[in-house]
Amino acid sequence: MNRVPTIALVGDPSPAVTAHRAIPVALALAADAERVMVQWRWYPTAALHEPARQLADSAALWVVPGSPYANLDGVLGAIRWARESRRPTLGSCGGFQHLLIEFARSCAGIRDADHAETNPSGADLVVAPLSCSLVEKTGEVSFAPGSVIRSIYGRDAAVEGYHCNYGLNPAYRVRLESAGLRFPSQDGSGDVRSAELAPAIHPLFIGTLFQSERAALRGEIPPLARALVRAATGVFP
């Protein structure tokens with residue numbers, strides 16, 4: 001009998017977090033639309049002591065919003081495992097921020113890459129405060145031609161919601177790009193709103209500062225959730 005693929009949800013689940021309520025709905029809508037079976041399992045970060053072993057049976061990873069996480073090392077270990085094992089990976093909001101940190105430390109030579117929210121005196125704050133808060137804000141995001149996220153959405157732009165105060169520190173953009181990370185989404189001011197790896201490097205590795213999963217609470221199928229479900233079942237965008 002074929003085993004139903006499991007999508008690991010890494011984060012500290014709370015009913016008070018809108019995205020945490022939305023993500024299971026988003027995955028269910030996406031699976032129904034694709035006519036496939038998937039399941040998902042929450043992995044609270046405090047329990048992630050050996051991510052590579054604990055997540056080994058997972059077909060895909062979603063690093064969910066809700067930072068600061070209880071266990072930073074567990075989250076970064078989960079992202080590293082997914083990146084190195086080429087598991088389909090999605091990070092939204094806090095997940096996006098920590099994809100940046102893990103990539104900076106492991107791939108871009110920025111060993112002290114850190115997050116201003118949890119270590120404001122850090123030497124290399126790859127994730128820094130936004131110039132303007134995006135807590136409960138909505139705005140248009142444009143997608144670069146030829147990018148993975150553009151192919152997933154099937155259009156040049158989308159209107160998405162946020163709940164965040166931190167994002168990419170632009171001072172580190174060139175170093176991350178030189179290591180292979182791409183930044184294919186921006187808002188009207190030109191600020192980075194997503195990151196991805198090229199398909200030649202990783203079959204699906206995307207982080208977004210916005211929370212596309214919120215659309216599921218309106219009955220809409222989030223394109224990124226659908227792409228993750230497809231990838232978890234072996235169909236890549």
Of Y69, Y153, Y162, the one that fluctuates the most in a GNM where the chain has Cα springs shorter than 10 Å: Y153
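Please state the relative contact order of the chain as a whole percent: Cα pairs under 8 Å, 6+ residues apart? Present the calculation step by step, with values, prior to reporting the outcome.
Details: 518 pairs, mean separation 54.7, N = 237.
Once normalised by length, the contact order is 23 percent.
Would you kindly state how much longer the chain becomes between A33 and S85 on full extension, computed as 0.36 nm times their sequence separation minus their alpha carbon distance, in nm to one decimal? Walk me through the numbers before you get to the answer.
Values: separation 52, 0.36 × 52 = 18.72 nm, distance 2.72 nm.
Once the chain is fully extended between A33 and S85, it gains 16.0 nm.
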Karplus (6.51, -1.76, 1.60) ³J(HN,Hα), θ = phi - 60°, over the range 129-142, in Hz, Gly and Pro reported as x: x, 6, 5, 9, 4, 10, 5, 6, 10, 10, x, 7, 10, 9
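Using r as the Cβ-Cβ distance of C132 and A171, and R0 as 22 Å, what FRET efficiency do you calculate, to the nearest 0.05?
Working from the Cβ atoms, E equals 0.80.
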Principal axes of the range 6-232: Cα extent on each, largest first, Å: 47, 40, 38
Gyration tensor (alpha-carbon) shape descriptor, the range 1-120, a/c threshold 1.5: prolate
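From the Cα gyration tensor of the range 98-198, with a ≥ b ≥ c the square roots of its eigenvalues, which class applies: rounded if a/c is under 1.5, or else prolate if a/b is larger than b/c, or else oblate?
Numbers: a/c = 2.51, a/b = 1.30, b/c = 1.93.
Verdict is oblate for the range 98-198.
Just so you know, all these numbers are worked out from the coordinates, no wet-lab data involved. As the structure is a computational prediction, the values presented were derived from the model and not from experiment. With ideal geometry, Cβ positions are generated from the backbone for all residues, glycine too; neighbour counts draw on all protein chains shown.
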